[in-house]
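One structure is given below, encoded as structure tokens.
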Ligand code: C2E
Ligand code: CA
Ligand code: CA
């Protein structure tokens, strides 16, 4: 995989964007998706972003990829909205793009051209870049907020968490990184750290999302800690855009069954199976997984 391969991939648009659902922990409603890019490499097959985004960030190629993902995600958003699916769309923005003063205007123009309201778009920025916090970056982040976009602080807990630096920053959302979610159920220190992050996030007026929830105990812990939204394999894997509606149908069917059962205490429905919840959903109604 080289720089030249990336140039070709951008020119020929060899990228595909998958979408991973996020669920409101209180209502269990499907409220939002995160757009995650994959590279359909002609020889290597599907290449995941951890393998090519860092390479792209070393050159201008990252801007080409950001543009492709933004267009695909906004187009998908508009299509879902026309079908009555009013989801927030979260899009990862590389820190390298936060050096471009035209970024707020560019994204504003794009969302206008796809007819997607800015308040339905959340831009995810990793904590590592935030900690560099130059005056220019702050200006760009404020510019995005002025245009009406949501701003998420991504991968919280992986960098040198310097919460003092967050004071006055315009983030609307905090995303707790999956590494911490995974250890929080077994490690008391991590649990306390995560709990503190949730509290701080709320104090700063952000809603808090737990990423990488793989098991029911993790879901239960993050809900109990007051996380507002959850995302992870336990709920759904990232999937192609055209599978989201089918997934939602199964999700709603499942929720309806669980609700009916609670209401009527229908003995035909096995409660253990029902409360095997999201995992169970995925095994009852298998979808095509992307890994
Ligand atoms: P991220 O922003 O932290 O995204 C979450 C990653 O965790 C995704 O990996 C997702 O598939 C994975 N994930 C979700 N739920 C679970 C779970 O329950 N367990 C585990 N083990 N993993 C889970 P993915 O798609 O491979 O993306 C990796 C990273 O690449 C992303 O991390 C993000 O930093 C970057 N990335 C992805 N798409 C884009 C993009 O369009 N632009 C930019 N600049 N970066 C992107
Ligand atoms: Ca992200
Ligand atoms: Ca992460």
Report summary line: Rounded to two decimals, the Rg over Rh value of region 24-82 from Cα coordinates and the Kirkwood Rh reads 1.09
Report task. Give me the number: length gained by fully extending residue 192 to residue 60, i.e. 0.36 nm times residue separation minus the C-alpha to C-alpha distance, one decimal in nm. Result -> 43.5 nm
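For residue 203 and residue 138 in the same chain, what is the full-extension length gain: residue separation times 0.36 nm, less their Cα-Cα distance, in nm?
Numbers: separation 65, 0.36 × 65 = 23.40 nm, distance 2.06 nm.
That works out to 21.3 nm of additional length.
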Query raised in the report: Of the listed peptides 53-59, 32-38, what is their order by residue-averaged count of other C-beta atoms within 10 Å, with the highest listed first?
Result: 32-38, 53-59
Report task. Please work out the C-alpha center-to-center distance from region 44-110 to region 188-245 and express it in whole Å. Result -> 23
Report summary line: Quick calc: nm separation of the 7 Å Cα→Cβ label points for residue 102 and residue 158 -> 2.9
Report summary line: Bridge orientation stat for region 1-105 from DSSP, antiparallel percent rounded to 5, came to 75
Report summary line: Listed with the fewest Cβ neighbours within 10 Å leading, 77, 94 appear as 94, 77
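Readers should treat all values here as calculations from the given coordinates under stated rules, not as data from a laboratory. Because the structure is predicted, anything quoted here is derived from the model rather than measured. When we count neighbours, we look across all protein chains shown, and the Cβ atoms used for this are built from the backbone with ideal geometry, even at glycine.
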